[in-house]
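The structure under discussion appears below in the form of structure tokens.
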Amino acid sequence: MSAALPAPVPSVLELAPVLPVVVVEDAADAVPLARALVAGGLPAVEVTLRTPAALEAIGAIDAGVPGAVVGAGTVLTPGQAADAVAAGARFLVSPGWTDALLGAMRGAGVPFLPGVSTATEVVALLERGVREMKFFPAQAAGGTAYLRSLAGPLPQARFCPTGGIGPDNAVDYLALPNVACVGGSWMLPPDAVAARDWGRVERLAREAARLGGGGRG
């Protein structure tokens with residue numbers, strides 16, 4: 001009898017208040033790193049397609065970490081979207097979008113977060129039936145003040161802000177009515193990853209998971 005397929009992910013935004021953004025240099029680190037994040041209460045793991053090890057890491061996490069929902073970030077082309085899903089990605093995230101990329105992500109059969117940084121881009125996605133988006137680069141693009149301004153005229157849009165977000169400002173974002181989660185990598189300090197200090201990663205993940213409180217929109 002074949003193994004059961006993983007349950008579909010209804011929405012990336014509902015998995016946890018914080019979406020860890022992970023750059024994997026060595027695929028051997030993928031499973032213990034993801035286990036630490038999941039143990040700390042962050043089940044969604046966005047592996048960015050910035051390194052040669054990324055696709056292998058996605059496959060390893062999908063196969064080897066029960067409870068993890070692994071996705072691919074920095075998806076820039078239709079080909080990358082297809083390759084990521086073939087490797088085991090259960091959601092896709094892009095820093096921006098074009099109609100070709102949006103079509104590929106929509107056709108991949110998994111949830112996706114196309115990136116936006118302006119009201120025009122948000123309206124264009126709403127026009128195409130997309131209501132869940134990544135806001136990037138969050139701090140540089142106007143931060144909480146900009147997102148708060150979008151909530152009035154565009155209340156149907158919901159965001160995962162990423163870029164310049166850490167433990168000191170994540171709560172401010174999560175308090176906004178149109179923000180469901182935030183993305184960041186502060187729970188993965190480079191020195192901890194280099195030292196394979198997965199206990200520290202788990203502790204930081206647990207602290208991040210507590211940031212949601214009642215502020216998720």
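Every read-out reported here was derived from the displayed coordinates using simple, explicitly stated rules and does not represent laboratory data. Model, not experiment: these values are computed from the prediction. In this analysis, Cβ positions are derived from the backbone assuming ideal geometry, glycine residues included, and neighbour counts consider all displayed protein chains.
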Find how much the distance from Thr77 to Leu154 grows on full extension, using 0.36 nm per residue of separation minus their present alpha carbon separation; answer in nm with one decimal. 25.0 nm
Roughly how far apart, in whole Å, are the Cα centres of the stretch 141-160 and the stretch 180-197? 26
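So for each of 33-40, 114-121 I average, over its residues, the number of other beta carbons within 10 Å; can you give me the resulting order with the highest mean first?
Details: 33-40: 24.5, 114-121: 18.2.
Packing proxy ranking, top to bottom: 33-40, 114-121.
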For Trp186, Trp198, order by how many other beta-carbon atoms lie within 10 Å, fewest first: Trp186, Trp198
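Which whole-number percent is the relative contact order of the stretch 24-69 (Cα, under 8 Å, 6+ apart)?
On the way: 53 pairs, mean separation 23.2, N = 46.
Averaging sequence separation for qualifying contacts and normalising by length gives 50 percent for the stretch 24-69.
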Residues Asp168, Asp62, Asp83, Asp197 in order from fewest to most other beta-carbon atoms within 10 Å are Asp168, Asp197, Asp83, Asp62
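Based on other C-beta atoms within 10 Å, arrange Thr74, Thr51 from fewest to most. Write down the numbers at each step before the final one.
Working: Thr74 19, Thr51 16.
Ranking Thr74, Thr51 by Cβ neighbours within 10 Å, fewest first, gives Thr51, Thr74.
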Cα gyration tensor of the stretch 1-82, axes a ≥ b ≥ c as square roots of the eigenvalues: rounded (a/c below 1.5), prolate (a/b > b/c) or oblate? rounded
Over the chain, relative contact order from alpha-carbon pairs under 8 Å, at least 6 apart, %: 22
What does a probe at Arg106 reach in the stretch 77-92, counting residues whose amide N is under 15 Å from the point 7 Å along Cα→Cβ? 78
With P(r) over Cα pairs in 10 Å bins from 0, in percent in mind, check [x] 9, 37, 37, 16, 2, 0; [y] 7, 26, 30, 23, 11, 4, 0; [z] 7, 28, 37, 21, 5, 2, 0 and report the label derived from this structure. [x]
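If you add up the charges near Glu56, with Lys and Arg at +1 and Asp and Glu at -1, over every other residue whose beta carbon is less than 15 angstrom from its beta carbon, what do you get? Intermediate results must be reported in sequence, preceding the final value.
Working: positive: Arg50; negative: Glu25, Asp26, Asp29, Asp62, Asp83.
Local charge sum for Glu56: -4.
What is the stretch 124-178's relative contact order, in percent, from Cα pairs under 8 angstrom and six or more apart in sequence? Let's see the in-between values first.
On the way: 54 pairs, mean separation 25.0, N = 55.
Rounded, it is 45 percent for the stretch 124-178.
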